[in-house]
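For reference, the structure is listed below as structure tokens.
The values are calculated or read from the model by the stated rules, or taken from the named source; none is laboratory data. Everything numeric here is computed off the predicted structure, so don't read it as measured data. Note: ideal-geometry Cβ built from the backbone for every residue, glycine included; neighbour counts use all protein chains shown. Areas reflect the complete protein model, heavy atoms only, side chains present, ligands, DNA and RNA absent. Shrake-Rupley method; radii C 1.70, N 1.55, O 1.52, S 1.80 Å.
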Amino acid sequence: MKKAILTISKVIIFFIVWAVLSTVIDIPVENPVIWRFIAELIPLVVIIILTWLFIRIEKQKLRIPINDNSLRGLLMGIFVGILWLGFSAGLLILTNYLKITEINNVPMLWIWIISAFINVIMQELLVRGYIYQLIKKEYNLPVAIVVTTVIFSLLHGGTIEAGIIPVLNVVTMCLFTTFLYEAEGTILAPTMSHAIWNIIGGLILGGVRLADDYPSLITMTPSKNQILSGGDCMIEGSVIVLITNIILMLIFYKRYKNNTKKA
């Protein structure tokens, strides 16, 4: 009981301090592009400092695998991200469930891309950094997966109002990228897959939900079949993504289990 109270207290304190510090710092910038960049940078800096501090408090008992298998994990993450988004979005566009209706001009696109990438790094460190490693060490992998999947889903709370398929897509996305993380042994793998999904799917295709002020190069219109097209959520609301996520989850779960047997 004592261990549970202590672990829960650490998780809650870590999360609350991150949330408070990430939101109370004022950003006196009028330019929307720079504002968004700073708005993404502050939570990342806060999560990096807190992660370093809390791991130091644990007296080096915890570590986040970044350098382990870094090149292989990086390449695997890029490959999986391209496959994941390419299959899902490609199939929806080719079958006309999502139609490209407009090409937009996006000034300073490179800064928007950097901002979106910073946001992904922050999310990965929050979900699969200190909290994940702490719970995994104190309890086991299944408990760590459940807790961090709940946290990841709360970060994407807007999907709850969108319907059951978008919610399932968020949950299965978190599960598959967690097994990708465990299979490859580095946080770089899910980070790169997540980044490709958000940057290309959101900023380029406009079919993945980012913060409301993010622009997109392409405007797409969903068909009336909301189950396949995803409706207002587009790519992230489609049942095709749900099926793809489940397949990838099973593949990397098996890969993780095989790696565990070899170890």
Inset, instruction - Tell me which residues, restricted to region 1-38, are in contact (Cβ under 8 Å) with a residue 24 or more places away in the chain, among the hydrophobic types (A, V, I, L, M, F, W, C) and open to solvent by less than 70 Å² (accessible area, probe 1.4 Å). - result: 11, 14, 15, 17, 18, 33, 34, 37
Inset, instruction - Identify the residue in region 188-198 that is surrounded by fewer than 24 Cβ atoms within 10 Å (Cβ to Cβ) and hydrophobic (A, V, I, L, M, F, W, C) and, among all such residues, is farthest from the chain's Cα centre (by Cα). - result: 196
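Based on this model, can you work out whether residue 92 counts as in contact with a strand residue (DSSP E or B) (Cβ under 7 Å, 6 or more places away or on another chain), open to solvent by less than 40 Å² (accessible area, probe 1.4 Å), assigned to a helix (DSSP H, G or I) and not acidic (Asp, Glu)?
Details: in contact with a strand residue (DSSP E or B) (Cβ under 7 Å, 6 or more places away or on another chain): yes; open to solvent by less than 40 Å² (accessible area, probe 1.4 Å): yes; assigned to a helix (DSSP H, G or I): yes; not acidic (Asp, Glu): yes.
Considered against the rule, which asks whether it is in contact with a strand residue (DSSP E or B) (Cβ under 7 Å, 6 or more places away or on another chain), open to solvent by less than 40 Å² (accessible area, probe 1.4 Å), assigned to a helix (DSSP H, G or I) and not acidic (Asp, Glu), residue 92 comes out as yes.
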Legend entry - Residue within region 153-160 that is open to solvent by 10 Å² or more (accessible area, probe 1.4 Å), touching a residue at least 60 places away in the same chain (Cβ under 8 Å), in a strand (DSSP E or B) and not charged (D, E, K, R) present: no
Inset, instruction - Among the residues of region 153-198, count how many are modelled with pLDDT under 90 and of a type in the set (Gly, Ala, Ser). - result: 5
Inset, instruction - Those residues that are over 27 Å from residue 30 (Cβ atoms) and part of a strand (DSSP E or B), I need them from region 212-239; list them, please. - result: 218, 220, 221, 222
Legend entry - Pairs where the first residue, in region 188-211, is in a loop (DSSP other than H, G, I, E, B) and the second is of a type in the set (Lys, Arg) and buried (at least 22 other Cβ atoms within 10 Å of the Cβ), C-beta under 8 Å, 6+ apart: 211/36
Inset, instruction - Filter region 132-148 down to residues that are under 18 Å from residue 260 (Cβ atoms), out of contact with any helix residue (DSSP H, G or I) (no Cβ under 6 Å at 6 or more places or on another chain) and part of a helix (DSSP H, G or I), then give me how many there are. - result: 4
Inset, instruction - Mind telling me which of the residues 219, 244 ends up being open to solvent by less than 70 Å² (accessible area, probe 1.4 Å), closer than 17 Å to residue 86 by Cβ and in contact with a Ser or Thr (Cβ under 9 Å, 6 or more places away or on another chain)? - result: 244
Inset, instruction - Go through region 122-139 and count every residue that is out of contact with any Leu (no Cβ under 9 Å at 6 or more places or on another chain) and at pLDDT below 90. - result: 1
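Does region 44-67 contain at least one residue that is without any contact (Cβ under 8 Å) to a residue 24 or more places away in the chain and on the phi > 0 side of the Ramachandran plot?
The first filter runs over region 44-67 and keeps only residues without any contact (Cβ under 8 Å) to a residue 24 or more places away in the chain, leaving 45, 49, 52-53, 56-57, 59-60.
From the residues that got through so far, the ones that are on the phi > 0 side of the Ramachandran plot too are 59-60.
Checked region 44-67: at least one residue is without any contact (Cβ under 8 Å) to a residue 24 or more places away in the chain and on the phi > 0 side of the Ramachandran plot.
Just to be sure, is residue 108 open to solvent by 30 Å² or more (accessible area, probe 1.4 Å), within 27 Å of residue 180 (Cα to Cα), at pLDDT 90 or above and not small (Gly, Ala, Ser)?
no
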Inset, instruction - Provide a single number: the residues in region 227-250 that are touching a residue at least 24 places away in the same chain (Cβ under 8 Å) and more than 18 Å from the chain's Cα centre (by Cα). - result: 8
Inset, instruction - Would you tally the residues in region 13-38 being of a type in the set (Val, Ile, Thr), closer than 22 Å to residue 133 by Cβ and at pLDDT below 90? - result: 0
Inset, instruction - Filter region 170-186 down to residues that are open to solvent by less than 10 Å² (accessible area, probe 1.4 Å) and either assigned to a helix (DSSP H, G or I) or within 12 Å of residue 120 (Cα to Cα) (or both), then give me how many there are. - result: 8
